[in-house]
Amino acid sequence: MNNKDTRRISRLTAILTQLQTKRMLTATTLAEKFGVSIRTIYRDIKVLEQAGVPIYTEDGKGYALLEGYRIPPVMFTQDEANALITVEQVVMKNSDSSLVTAYSEAINKIKAVLLYATKDKIELLANRIAISPAMPNTTTSNWLTMVQNALTSFKVLNITYRSGYKDETTERNIEPFALYYTLQENWSLIAYCRLRKAYRMFNLDRITSITPLHIHFEPHELTLASYLKDKEKNFQHP
């Protein structure tokens, strides 16, 4: 097998991984990512189809895998495994306990598919990484994963919120829009508040209760970049 064949096999595998990661990908996007022509991507997709991979095409949108199709877990390179273990040490210090729990469960599943030699190396690395004690290890919230699910499912949340501005507690229904991580290592939720009829930023550590409602809302047309730019000009308390 020559270098050209090796590169193509690597690209085919990478294309398949990308299709599992993204819901829809265009030939132009794939061509730019792998530094090849669009014609080459067309040929690669045809090869994958001939190999039995259920790829379907939507005119004007791109390629996607048939819903439910999965390939066996891919093997991580040593660099990729090292990156995951390094991030694990940082996540363990996160202020939201739900994120810590979810990440721990995910990283354990990833470790299960690693080669034995790689497992030995990442165990050594994990024991040689330390986070400065100056970085706080205080749990201040347990809402992040619930908020993430509501945000991606477009579901309204009912929250009880303790404001730091007037030190008052209010109950309100909100539409999750985005998440923001502050310099104080705390998570904030940007959401459309149906009580205030405007977008507000809520600190997760000031939310005393959350209840997901069986109410869906329309995806927001506002972009995160435009919200943050406007927020710099006009700060508003929740």
Practice prompt. May I ask for the angle, rounded to the nearest 10°, between helix 3-21 and the longest principal axis of the chain, with both axes built from Cα atoms and the value confined to 0 to 90°?
Written response: 30 degrees
Practice prompt. Quote the charge dipole size of segment 2-109 about the Cα centre in Debye, to the nearest 20; the model charges only the Cβ of Lys and Arg (+1) and of Asp and Glu (-1).
Written response: 420 debye
Practice prompt. First compute the accessible area of the chain with a 1.4 Å probe, then give the percent of it belonging to carbon and sulfur atoms.
Written response: 52 percent
Practice prompt. Note the angle between two axes, namely the Cα long axis of helix 97-112 and the longest principal axis of the Cα atoms of the chain, as a number of degrees from 0 to 90, rounded to the nearest 10.
Written response: 10 degrees
Discussion item. Suppose we keep just the alpha-carbon trace of the chain; what are its Rg and Dmax in angstrom?
Written reply: 22.4, 71
Response to the item:
If unit charges are put on Cβ atoms (+1 for Lys and Arg, -1 for Asp and Glu) and the dipole of the chain is taken about its Cα centre, the option from Ile129, Gly68, Thr86 lying farthest towards the positive end turns out to be Gly68
Fill in: Among Ala64, Ala191, Ala112: highest mean-square fluctuation, GNM of the chain, C-alpha pairs under 10 Å
Ala64
Worksheet item: Packing-wise, with mean Cβ within 10 Å as the measure, how do 211-218, 159-166 rank, highest first?
Response: 159-166, 211-218
Item to complete: Given the peptides 6-17, 169-180, 116-127, arrange them by the average over their residues of other C-beta atoms within 10 Å, most packed first.
Response: 169-180, 6-17, 116-127
Worksheet, complete the sentence: Taking Lys and Arg as +1 and Asp and Glu as -1, residues besides Ala191 with C-beta under 11 Å from its C-beta add up to +3
Worksheet item: For segment 144-236, with every protein chain kept in place, what is the accessible area per residue (1.4 Å probe, Å²)?
Response: 60 Å²
Worksheet item: Among the lysines, which fall within straight-line cross-link reach of Lys93, defined as a Cα-Cα distance under 24 Å, with same-chain neighbours fewer than 8 residues apart omitted?
Response: Lys109, Lys111, Lys119, Lys121
Practice prompt. Find out how many positive minus negative residues lie around Leu25, taking Lys and Arg as positive, Asp and Glu as negative, among other residues whose Cβ is under 13 Å from that of Leu25.
Written response: +1
Practice prompt. Would you calculate, for the chain, the mean residue ellipticity at 222 nm contributed by helices, counting each DSSP H stretch of 4 or more residues as -39,500 (n - 2.57) and dividing by all residues, to the nearest 500?
Written response: -13500 deg cm²/dmol
Worksheet item: For segment 28-111, what value does the Rg/Rh ratio take when both radii are computed over Cα atoms and Rh is the Kirkwood radius, given to two decimals?
Response: 1.12
Worksheet item: Treating the beta-carbon of each Lys and Arg as +1 and of each Asp and Glu as -1, no other charges, what is the dipole magnitude of the chain about its Cα centre, to the nearest 20 debye?
Response: 360 debye
Fill in: Crossing angle, helix 38-50 versus the chain [Cα axis fit, 0-90 degrees, rounded to tens]
80 degrees
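The values are calculated or read from the model by the stated rules, or taken from the named source; none is laboratory data. All values reported here derive from a predicted model rather than from experimental measurement. Please note: Cβ atoms are built from the backbone with ideal geometry, for glycine as well, and neighbour counts cover all protein chains shown. With ligands, DNA and RNA removed, areas are computed over all heavy atoms of the protein, side chains included. Shrake-Rupley method; radii C 1.70, N 1.55, O 1.52, S 1.80 Å.
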